[in-house]
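Let me begin by presenting the structure, written as structure tokens, before commenting on it.
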Amino acid sequence: MSGLNEEDLKRHVKDKDTWLRFIYLVVFGVAFYLSILLTFATSIFQFLAKLFSGSAFDGLAEFGDNVATYQGQVTRFLTFASDDKPFPFAPFPTKPPATPPTTFA
């Protein structure tokens, strides 16, 4: 990053796209926090399912995988590694199940 003169600084501070990105950062930061709570709730539910029925729910495991992908997309957007806005500006990530979830003995 080269040195900025006063005119460049004023132009950057007044850039509407930068401020719009800041609003997106706040919104997606809240969405990321809520997704962490959702992940924790899903984990507890899966644990209880495993505890009482002997197996976790495949559909819920797939949902958890999709939420993890979403969290990755949000992280890439928040850190400026990507300009692609995640859900709701893009479809929620879905992956076809490649392999069955790992079970623990």
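The values are calculated or read from the model by the stated rules, or taken from the named source; none is laboratory data. Nothing here was measured: the structure is a model prediction, and the numbers come from that model. As a convention, Cβ positions derive from the backbone with ideal geometry for all residues, glycine included, and neighbour counts pool all protein chains shown.
Among the residues of the range 11-58, those identified as part of a helix (DSSP H, G or I), more than 23 Å from residue 85 (Cβ to Cβ), more than 19 Å from the chain's Cα centre (by Cα) and not β-branched (Val, Ile, Thr) are 11, 45, 46, 47, 48, 49, 50, 51, 52, 53, 58. Among the residues of the range 81-92, write down those that are more than 17 Å from residue 30 (Cβ to Cβ) and modelled with pLDDT of 85 or more. Passing the criteria: 81, 82, 83, 84.
Conditions tested, residue by residue: (1) within 18 Å of residue 91 (Cα to Cα); (2) polar (S, T, N, Q); (3) exposed (fewer than 11 other Cβ atoms within 10 Å of the Cβ).
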{"position": "9", "(1), (2), (3)": "no, no, yes"}
{"position": "12", "(1), (2), (3)": "no, no, yes"}
{"position": "22", "(1), (2), (3)": "no, no, yes"}
{"position": "28", "(1), (2), (3)": "yes, no, no"}
{"position": "58", "(1), (2), (3)": "no, no, no"}
{"position": "64", "(1), (2), (3)": "yes, no, no"}
{"position": "74", "(1), (2), (3)": "yes, no, no"}
{"position": "77", "(1), (2), (3)": "yes, no, no"}
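The set of residues in the range 4-49 being of a type in the set (Val, Ile, Thr) and in contact with a helix residue (DSSP H, G or I) (Cβ under 8 Å, 6 or more places away or on another chain) consists of 18, 36, 39, 42. For the range 68-91, enumerate the residues that are part of a helix (DSSP H, G or I), free of Cβ contacts under 8 Å to residues at least 40 places away in the same chain and out of contact with any Pro (no Cβ under 8 Å at 6 or more places or on another chain). Across the range 68-91, the qualifying residues are 68, 71, 72, 76. Looking across the range 50-62, just one residue is free of Cβ contacts under 8 Å to residues at least 40 places away in the same chain, of a type in the set (A, V, I, L, M) and in contact with a helix residue (DSSP H, G or I) (Cβ under 8 Å, 6 or more places away or on another chain), and that is 60.
Among the numbered conditions (1) in a helix (DSSP H, G or I); (2) without any contact (Cβ under 8 Å) to a residue 24 or more places away in the chain; (3) charged (D, E, K, R), the only one that residue 65 does not meet is (2).
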